[in-house]
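Values in this text are rule-based calculations from the coordinates and carry no lab data. Keep in mind that what you see is a predicted model, and the values were worked out from it rather than measured. All Cβ positions, even for glycine, are placed from backbone atoms using ideal geometry, and neighbour counts span all protein chains on display.
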Amino acid sequence: MTRIGRTAAFTTGALALLLSMTGCLGGSPAATSAPDVVPSSPGSSPTPTADPADPLTTVTALVARPEALELRAEGGTVVTSLDYMSSPADAVTALSTVFGAPPADEPYAGTNHAPAGVLHRWDTFVLEERLYDEDRRQAEGYDWVVWPRFAVYFDGPAAGSLILSTASGLQAGDAWSDAEADPGYDADLWTCTATSVEAVTTAVPSTWTGPDRVNVIVMPSDDGATVKWIGAPELEADGCA
């Protein structure tokens, strides 16, 4: 599955639950102007380096959880968590410190059923920023995880020196039999996209009548032998379009 194809599949499950109530969400990124480039000159200040005292520089692993991405240090200590409902820009800034470099960015166009977005990639780790219509989101009361501001994908077991895994230690590239043996594996929990390996009940608006579990999901490889990728968040579905 291509990256953009996967993006559409990943967003369709949650968005399909809402189409009968709200229609489609399309959104467009705000136009920005390119910053002026100031050439360096003798005596100019050197490029600042990461502060070795910054806790983010101690991160050794990224762990996908249903409601947030955990940034963990050696020994499993959680340095901080990046809530999928928080600012994508702040998440990108934090991860740029963790990785020691900014991401490679790949904007993509929206469709009739999904908003435009940007894929921020560091090696095999991808943060997908989704550019929803924020005014409509707030007005219609769907400012919650069914429309996350960003999602994450693990396309490999590590990105550079950072380990990428689920809370139980499952990684992309593991045997699919390992996924099936995972304590959180639930083939009966329907997400329209892939299989849940960790689910939690999430807070939903009082007017919401659909499922209320949000998940970390795993996708099998084309031959079904291995875990192709891991992603989060994905809402449980009671039907798919």
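If the label point is 7 Å along Cα→Cβ of ALA203, which residues in the stretch 55-93 have backbone nitrogen under 18 Å from it?
66-69, 81-87
Cα-Cα pairs above 18 Å in the stretch 102-206: how many percent?
62
Translational diffusion coefficient, Stokes-Einstein: compute it for the stretch 186-241 using the Kirkwood radius over C-alpha pairs as Rh, at 37 °C and 0.692 mPa s, and state it as an integer in µm² s⁻¹.
For these conditions, the coefficient is 274 µm²/s.
Given R₀ = 51 Å, what would the calculated FRET efficiency be for ASP143 paired with GLU74, taking r from the Cβ atoms and rounding to 0.05? List each step's numbers first, then the result.
Details: r = 36 Å, r/R0 = 0.70.
Efficiency, rounded to the nearest 0.05: 0.90.
For a quick check: with amide H placed at 1.01 Å from N, whose amide H comes under 5 Å from ALA61's, ignoring anything fewer than 5 positions away on the same chain?
Excluding prolines and chain starts, which carry no amide H, the hits are ARG72, ILE163.
Treat the stretch 69-157 as a sphere of radius equal to its Kirkwood radius over Cα pairs and apply Stokes-Einstein at 20 °C in a medium of 1.002 mPa s; give the translational diffusion coefficient in µm²/s, rounded to a whole number.
Roughly 152 µm²/s, to the nearest whole number.
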